[in-house]
Structures are given as structure tokens and as C-alpha cells.
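Asks: This is the structure I have questions about; it appears just below.
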Amino acid sequence: MDNSLHDRYGLKRVINASGRMSILGVSAPSDTVMDAMKTGGQNYVEIADLVDKSGKYIADMLDTEAALIVNSASSGIVLSVAGLVTKGNRRLSEKIHQEKIMKNEIIMLKGQNVHYGAPIESMIYLGGGELVEAGYANEGKQEHISDAVNENTAAILYVKSHHAVQKNMISVEEAAEVAKEKNIPFIVDAAAEEDLGKYVKIADLAIYSGSKAIEGPTSGIVAGKKDYVEWVKTQLHYIGRSMKVGKESTFGLLQALDEYFVKKDNSEAEKASLEVLQSLNTMEGVTATIVQDEAGRSIFRARITIDEAVTAISAKEVTNQLKHGEIAIYTRDYGVRQGFFDIDPRPLQENDSQVIYSRIVDILGGKEV
């Protein structure tokens with residue numbers, strides 16, 4: 001690993017065992033993606049033409065009516081809400097936070113009103129929407145959404161994410177049925193989803209991150225119905241100006257998409273790379289297992305469970321020490337209060353798994369059964 005830039009700016013080496021997380025820079029694009037960014041960044045282009053042509057290129061790839069590159073999935077939510085609230089009207093787009101727009105309610109299941117690094121409701125309000133929660137934290141039904149629809153409803157938003165409550169929640173298809181029955185635009189936030197073709201067939205507007213599953217530069221995609229995408233595109237000249245995407249990122253994302261659709265499934269190899277962590281099972285109070293992603297994606301992780309009564313140290317303290325070592329090791333620590341954390345193999349490089357294993361053994365004192 002070349003740490004010259006880390007050394008130059010005084011940055012710690014980081015091992016990302018957490019996944020494609022924004023706090024760690026999301027993903028590491030390939031050399032060919034970086035080459036496309038370099039070439040695109042060092043040449044000039046008419047941006048409006050690039051917006052249109054890149055959108056058509058992606059729409060053809062996804063087999064949908066239209067698409068638009070934005071600078072992140074978060075901005076995709078903001079601009080999608082703004083587009084549907086204003087319906088592409090230029091004056092309303094210009095005055096989106098100055099003039100009251102009555103038809104601005106965005107319905108979302110309560111169990112999907114999550115914090116993913118920022119509150120998703122902040123993105124709704126930034127786009128001129130007003131959040132209407134439907135259902136409960138532990139239950140989301142079709143009738144909860146249906147009963148919330150009124151004359152001021154601008155859209156229904158469904159969040160397809162591991163962050164959202166999975167248990168006892170209707171599927172994206174079931175939510176789409178309500179939207180169709182009520183003739184309400186349906187937005188799906190599918191930021192980290194791997195099946196890019198699925199959600200554009202279900203939603204009127206589907207939102208993807210360009211830097212998660214696709215492994216491109218920081219960017220996002222809004223794709224779906226042509227009229228709605230055009231309304232979203234109008235926002236680029238108003239609130240979207242503060243969220244503009246550079247030409248280098250556009251070319252990088254297009255290259256990443258080209259590679260994504262011919263990429264082989266590495267899930268089995270990634271699972272095999274976690275074998276070294278299975279040796280943690282020889283330690284007192286430690287259990288290492290392989291688990292699949294909670295949202296059903298073809299992603300497998302090592303789950304390290306710590307029995308604090310035996311180890312005299314909690315899972316939370318172990319992850320804290322991992323983060324604050326000479327090498328900062330970030331795990332997927334959503335379950336630390338339940339006594340476990342996960343190791344995501346996708347971002348791991350070279351001998352990262354061995355470094356993680358050795359560091360955990362060191363923290364726990366190396367006590368074997």
C-alpha cells in the first residue's frame with residue numbers, strides 16, 4: 001500500500017472493514033475509472049450536452065426512460081423531492097423555500113425515517129417537501145401509506161436500505177401498488193442496492209449511489225420516468241446548483257458503470273478471505289461466524305461476538321480500540337450493544353484480514369481455549 005499521501009498530510013492508515021461507508025470515502029475506484037476521471041477532467045465539454053448525453057447513456061443501460069447524474073444519492077433525494085414538489089415549474093423552483101407550496105407532502109414509512117450519516121428527513125425538507133410518517137417503528141402496512149394520502153401528497157418515498165427496519169415492513173413492490181392505485185409518484189431510495197435494473201422498473205424515480213455498489217467516484221443517479229427526470233433536471237439551475245457534479249466525476253461514473261455490468265460475482269472469494277478470522281473461535285469468550293447482509297444482498301461478513309462476562313471487555317470497547325490504534329480499523333458496529341460487530345470483506349486490501357485478526361487477539365489478550 002502506498003501511504004505517501006497519508007504521510008504528506010499526516011493522515012492515519014485506515015483499514016475499512018465497515019463496508020462502503022461515506023465516513024471512510026465509500027469505495028476505491030479502479031485504475032480505469034481513475035483514468036477516465038483524469039481524461040475527462042483535463043478536457044473541456046459543454047456541460048449541458050454532457051448532462052443530456054450521459055443521462056441517455058445510463059437510461060439505455062438501465063432500460064428506463066431517462067436518467068440524470070447527480071453528485072450523491074443524498075442530493076438525488078433532495079432533487080427528486082424538489083422536482084416532484086415544483087413539477088419543474090421554474091418560479092416555484094426558484095422560490096422553493098420562500099413561497100408555500102401546498103402539495104408538498106412526502107409519505108414515508110416511520111421505520112424508514114433513518115439516520116444514514118444524516119437524517120433522511122433533512123433531505124426531504126431541503127427539497128421543499130414536508131415529511132408525513134406512516135405506520136410505526138415496528139410495523140408498516142399498505143393501509144398506513146394509503147390512509148396518509150390526501151390532496152397535498154406530492155410523492156411516496158420508500159427507503160430500501162439495511163439502515164431501515166426490515167421486520168414487519170411491506171416490500172417495495174407492495175408500496176408501489178399503493179402509489180399506483182392512488183396515482184401518486186413513487187420514489188425509491190436504493191442508494192446501496194446492487195440490482196440497478198430492478199428499482200427503475202418499480203419506481204417512477206429510483207435513486208442510486210455511484211460510489212457504493214457501482215464503485216465509481218462520489219456521485220449519484222436519478223433514473224425513471226422521463227417527465228419526472230426532466231422536473232428533477234430543472235432543479236440543477238436552482239437548488240441543485242449547490243450540488244453540481246463535475247465532468248471528471250461524470251466520466252468516472254460512466255466508466256464504472258461500463259465495468260459494473262461485466263463484473264463477476266466475487267461474493268464467494270470475499271467470504272473465503274474471512275477464513276483467517278475463524279481462528280478467533282479458539283479464544284475464550286469469542287465466536288466468529290459468517291452472516292449474510294441483513295437486507296438480503298449477496299454480501300457475506302464475519303460476525304465477531306464477544307462474551308463480556310468471559311473476556312472482561314465489551315464488543316463496543318473492542319471496536320473503540322480498533323479505531324484508535326496506530327492503524328485505524330473501522331468495523332461494522334451496528335450490533336455492538338448486542339455484543340457483536342461485523343467485518344465486511346469488500347473493501348479489504350492485501351493482508352488487511354490478518355492485521356485485523358492480530359489486532360483483535362492483541363486487544364483480547366490472546367487467551368485461547
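Asks: Contour minus end-to-end for Glu151 and Glu46, with contour as 0.36 nm per residue of separation and end-to-end as the Cα-Cα distance?
Replies: Details: separation 105, 0.36 × 105 = 37.80 nm, distance 4.07 nm.
Full extension of this stretch gives 33.7 nm more.
Asks: Can I ask one more? Where Rh is the Kirkwood radius over the Cα pairs of the chain, the temperature 20 °C and the viscosity 1.002 mPa s, what D in µm²/s does Stokes-Einstein return?
Replies: It diffuses with D of about 97 µm²/s by this estimate.
Asks: As an exercise, identify the chymotrypsin sites (Phe, Trp or Tyr not before Pro) in the stretch 277-339 lying in DSSP coil whose Cβ has no more than 15 other Cβ atoms within 10 Å.
Replies: Values: sites: Phe300, Tyr330, Tyr334; in loops: Tyr334.
Of the chymotrypsin sites (Phe, Trp or Tyr not before Pro), the ones in loops of the stretch 277-339 whose Cβ has at most 15 other Cβ atoms within 10 Å are Tyr334.
Asks: May I pose another question? Quick one: net charge of Ser80's neighbours, Cβ under 10 Å, K/R +1, D/E -1?
Replies: Details: positive: none; negative: Asp189, Asp204.
Net local charge, Ser80 excluded: -2.
Asks: Okay, next question. How large a share of the accessible area of the stretch 290-341, in percent, is made up of carbon and sulfur atoms when the probe is 1.4 Å and the other protein chains stay in place? The partial results should precede the final answer.
Replies: Values: 1120 of 2490 Å².
After summing per-atom areas, the C and S share lands at 45 percent.
Asks: Looking at the chain, send over the antiparallel percent of its DSSP beta bridges, to the nearest 5.
Replies: 55
Asks: Using the basic label-point model (7 angstrom from Cα toward the beta carbon), what is the Val14 to Glu65 distance in nanometres?
Replies: 3.9
Asks: What does the extension gain come out to for Met34 and Lys316, with contour length at 0.36 nm per residue minus their alpha carbon separation? Each step should come with its number before you reach the end.
Replies: Working: separation 282, 0.36 × 282 = 101.52 nm, distance 3.64 nm.
Extra length from Met34 to Lys316 when fully extended: 97.9 nm.
Asks: Enter the accessible area per residue of the stretch 89-175 (Å², integer; probe 1.4 Å; all protein chains in place).
Replies: Details: 4300 Å² over 87 residues.
I get 49 Å² per residue for this part.
Asks: Could I ask something else about it? So for the pair Glu268, Ser171, with labels modelled 7 Å out along Cα→Cβ, what separation do we get in nm?
Replies: About 2.7 nm separates the two model spin labels.
Asks: Based on alpha-carbon atoms only, what is the radius of gyration of the stretch 90-155 relative to the globular estimate 2.2 N^0.38 Å?
Replies: Values: Rg = 13.0 Å, N = 66, 2.2 N^0.38 = 10.8 Å.
My calculation over the Cα atoms of the stretch 90-155 gives 1.20.
Asks: What percentages make up the Cα-Cα pair-distance distribution of the stretch 23-140 when the bins are 5 Å wide from 0?
Replies: For the stretch 23-140, the binned pair fractions read 2, 9, 13, 16, 17, 16, 14, 8, 4, 1, 0 percent.
Asks: Roll a 1.4 angstrom probe over the protein heavy atoms and tell me the percent of accessible area of the stretch 111-236 that is carbon or sulfur.
Replies: On the way: 2250 of 4990 Å².
That fraction is 45 percent.
Asks: Given only helices, namely DSSP H runs of n ≥ 4 each adding -39500 (n - 2.57), what is the per-residue ellipticity at 222 nm of the chain, to the nearest 500 deg cm²/dmol? Spell out each step's value before the answer.
Replies: Values: 15 runs with 138 residues, N = 369.
Calculated mean residue ellipticity at 222 nm is -10500 deg cm²/dmol.
Asks: Under 20 Å from a label point 7 Å along Cα→Cβ of Gln98: give me every residue in the stretch 232-265 with its amide N that close.
Replies: 234-243
Asks: Also, quick follow-up: Can you give the accessible area per residue of the stretch 225-271, in Å², using a 1.4 Å probe? Show your work: numbers first, answer last.
Replies: Working: 2670 Å² over 47 residues.
Here the residues of the stretch 225-271 average 57 Å² of exposed surface.
Asks: On a 21 Å Cα-Cα criterion, which of the cross-link pairs Lys53/Lys103; Lys103/Lys180; Lys212/Lys263; Lys95/Lys244; Lys167/Lys212; Lys95/Lys225 come out too long?
Replies: Details: Lys53/Lys103 32 Å; Lys103/Lys180 18 Å; Lys212/Lys263 14 Å; Lys95/Lys244 19 Å; Lys167/Lys212 24 Å; Lys95/Lys225 25 Å.
Result: Lys53/Lys103; Lys167/Lys212; Lys95/Lys225 exceed 21 Å.
The values are calculated or read from the model by the stated rules, or taken from the named source; none is laboratory data. This structure is a prediction, so every number in the text was calculated from the model and none was measured. A quick note on method: Cβ atoms are made from the backbone with ideal geometry, for glycine too, and the neighbour counts reach across all protein chains shown. Keep in mind that these areas ignore ligands, DNA and RNA; they rest on the heavy atoms of the full protein, side chains included. Shrake-Rupley method; radii C 1.70, N 1.55, O 1.52, S 1.80 Å.
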